[in-house]
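None of the figures in this text is laboratory data; all of them are computed from the coordinates on show. Just so you know, these numbers come straight off a predicted model, no measurement behind them. Ideal geometry is used to build each Cβ from the backbone, glycine not excepted, and the neighbour counts take in all protein chains shown.
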Amino acid sequence: MSAPQPPRGIPTWTPEQSAAVSCARARIARRVASFGYDEIRLPVLENGDLFERAVGAATDIVEKEMYAFTDRNDARVCLRPEGTAGCAASAMRLGLIAGGRRARLWYSGPFFRRERPQKGRYRQFHQVGVEAFGFDGAGMDVELLTLTALMWEDLGLRDAFELQINTLGDADARRAHRKALLDYLQAHADALDDNARKRMHDNPLRVLDSKDPGTRRVVASAPPLADYLDETSRAHYAFVKGQLERAGVAYVENPRLVRGLDYYTGLVFEWVTPGAAGQNTVCAGGRYDGLVELLGGGATPAAGFAVGLERIAAALDYATDDKPPTAYAVAAGEAAVQAQAEWLMHLRRAMPEWVVIGDGDGGLKAQLKRADKHAAAAALIVGDDELARGEVTVRCMADGAQQSVAQDAVAAALKRLRPAPDE
Ligand code: HAM
């Protein structure tokens with residue numbers, strides 16, 4: 001009988017793949033915390049209306065991809081497809097951003113979108129998201145972009161991704177541009193694909209990132225948003241670009257970058273794997289100055305981004321070197337097996353930075369074989385004789401060299417065998 005399957009598009013990750021995702025999360029979390037962001041745990045099962053209001057009813061995410069249902073009490077609920085809306089709502093409920101207070105928050109966990117599954121695109125995936133509320137200056141956009149650049153450096157992925165930026169301007173600019181764009185698309189409707197023709201009335205901006213070759217040809221000459229930007233937006237954008245240059249963060253301007261969520265205003269950005277086929281955006285975000293007000297709060301300028309952890313893990317050269325070293329405790333003899341639980345407690349207290357494995361099953365040879373299988377740096381052999389003397393035989397698994405040491409001196413002997421990385 002085969003094992004039960006999860007729903008289609010929900011991946012099953014191996015322990016190695018899981019470790020790479022955890023490693024990415026841990027390093028990103030460390031860097032985010034170093035910028036003064038506080039972690040916040042958000043609901044995974046959310047209010048069914050939240051994303052319609054925040055992300056937009058005419059977006060793919062809400063229209064086609066949400067896992068939304070009514071529960072047994074007929075309450076409308078959904079599995080969260082993204083984190084910004086829930087983070088804003090939580091910050092509002094907790095009073096963290098009341099009266100214009102500023103807050104730097106981050107979160108991580110699973111998100112759900114019923115997209116067509118393919119490599120790098122899953123129906124359950126993990127993000128680390130970072131949101132800054134109450135900041136209207138361009139300095140926050142620079143902070144977020146430099147933070148992402150340092151995250152890649154921490155992960156050894158400094159040159160792996162390309163930063164693309166664009167600005168969506170203020171509400172007036174977007175309104176004027178939307179009208180001009182719609183007029184233009186209507187005038188060229190014959191050359192558009194069906195999907196573009198359908199969606200241009202609801203959301204003409206989304207036609208700009210169409211993949212259809214015919215639509216792309218039309219879009220190439222569409223009126224650019226840049227023509228409608230006011231002085232403030234232009235100055236904000238110019239400041240961000242200047243600061244990125246001074247900070248040594250390379251970027252590419254992409255006037256077609258519009259993002260698939262309606263809450264964005266002003267600067268938007270994506271980090272992409274250049275040349276990668278398929279799902280190549282590893283991190284995306286921007287400003288969303290109107291979202292908190294839309295959810296019923298006061299005017300609160302805000303900006304943020306989210307990183308797709310599975311996509312980062314796939315780019316990561318995650319090696320077993322990142323794992324802590326292993327010591328395998330071998331109990332050889334009746335009395336040694338009896339004493340092993342006490343001995344393991346002692347070892348695990350003395351060496352919290354080591355992985356300590358040992359179960360006493362089988363003879364000496366079988367246990368040493370398992371030590372090898374676990375790629376242990378050392379086997380700690382306790383036979384009945386050693387036990388009587390209060391000693392342990394420390395065997396270096398790389399070369400088989402053995403030495404007898406007192407039980408209390410094992411941690412020090414192992415340290416000599418395998419010094420901690422920062423010593
Ligand atoms: P998003 O572009 O929808 O933005 O998602 C951010 C990232 O999550 C993507 O760049 C990608 O790496 C990852 N991702 C999205 N969908 C999938 C999927 N189906 N499978 C695997 N990875 C995926 C947001 O979610 C916004 N909330 C970002 C934000 C935060 N903007 C402001 N603050």
Size descriptor, Kirkwood hydrodynamic radius, that averages inverse alpha-carbon separations across region 298-423, Å:
16.5
In bins 5 Å wide, starting from 0, what share of all Cα pairs of region 4-130 does each bin hold, as a percent?
2, 9, 16, 19, 20, 16, 11, 5, 1, 0, 0
Sequence gap at least 6, Cα distance under 8 Å: using those rules, report the relative contact order of the chain to the nearest whole percent.
16
From the cross-link list K179/K211; K64/K211; K64/K119; K119/K198, which pairs have alpha carbons spaced over 26 Å apart?
K119/K198
Dipole-positive endmost among V249, A401, A412 within the chain (Cβ charges, Cα centre)
V249
Treating the beta-carbon of each Lys and Arg as +1 and of each Asp and Glu as -1, no other charges, what is the dipole magnitude of region 150-221 about its Cα centre, to the nearest 20 debye?
380
If R₀ is 51 angstrom, what is the calculated FRET efficiency for the pair A19 and E245, using the beta carbon separation as r and rounding to 0.05?
0.85
Between the helical axis of 15-34 and the dominant principal axis of the chain, each derived from Cα atoms, what acute angle in degrees is found, rounded to the nearest 10?
70
Just how large is the dipole of region 224-349 about the Cα centre, in debye to the nearest 20, putting +1 at every Lys and Arg Cβ and -1 at every Asp and Glu Cβ?
160
What is the extension gain from R175 to H374, computed as 0.36 nm multiplied by their sequence separation minus the C-alpha to C-alpha distance, in nm to one decimal?
65.5 nm
Let a ≥ b ≥ c be the square roots of the eigenvalues of the Cα gyration tensor of region 300-373; is it rounded (a/c under 1.5), or, if not, prolate (a/b larger than b/c) or oblate?
prolate
What percentage of all Cα-Cα pairs in the chain are separated by more than 36 Å?
41
Of L105, A57, Y67, which is farthest along the charge dipole of region 31-118 in the positive direction, counting Lys and Arg as +1 and Asp and Glu as -1 at C-beta?
L105
Run the simple label-point estimate for A26 and A238 please: 7 Å along Cα→C-beta, distance reported in nm.
4.6
What does the extension gain come out to for D399 and A366, with contour length at 0.36 nm per residue minus their alpha carbon separation?
10.1 nm
Taking 60 Å as R0, compute the FRET efficiency from the Cβ-Cβ separation of V44 and Q186 and round it to 0.05.
0.90
Could you rank the peptides 377-384, 203-210 by their average count of other C-beta atoms within 10 Å per residue, with the highest value first?
377-384, 203-210
Radius of gyration and Dmax over the Cα atoms of region 210-262, both given in Å
14.1, 39
With everything on Cα atoms, drop me the angle between helix 364-373 and the longest principal axis of the chain, reported from 0 to 90° to the nearest 10.
20
Relative contact order (percent, whole number), region 185-233, Cα cutoff 8 Å, 6+ residue spacing:
34
Near A57, within a Cβ-to-Cβ distance under 14 Å, what is the net charge of the other residues, with Lys and Arg +1 and Asp and Glu -1?
-2
Set Lys and Arg Cβ to +1 and Asp and Glu Cβ to -1, take the dipole of the chain about its Cα centre, and tell me which of G86, L261, V32 lies farthest positive.
L261
For region 42-117, just run the numbers: alpha carbon Rg, then divide by 2.2 N^0.38 Å, N being how many residues it has.
1.17
Find the centroid of the Cα atoms in region 345-411 and in region 101-133, then give the distance between the two in whole Å.
43
Roughly how tilted is helix 138-154, in degrees to the nearest 10 and between 0 and 90, from the longest Cα axis of the chain?
30
Between R216 and D74, what FRET efficiency comes out of the Förster formula 1/(1 + (r/R0)^6) with R0 = 45 Å and r the beta carbon distance, rounded to 0.05?
0.55
Can you give the charge dipole size of the chain about its Cα centre, rounded to the nearest 20 debye, using +1 on the beta carbon of Lys and Arg and -1 on the beta carbon of Asp and Glu?
620
How much net charge surrounds W343 when only other residues with a Cβ under 14 Å from its Cβ are counted (Lys, Arg +1; Asp, Glu -1)?
-3
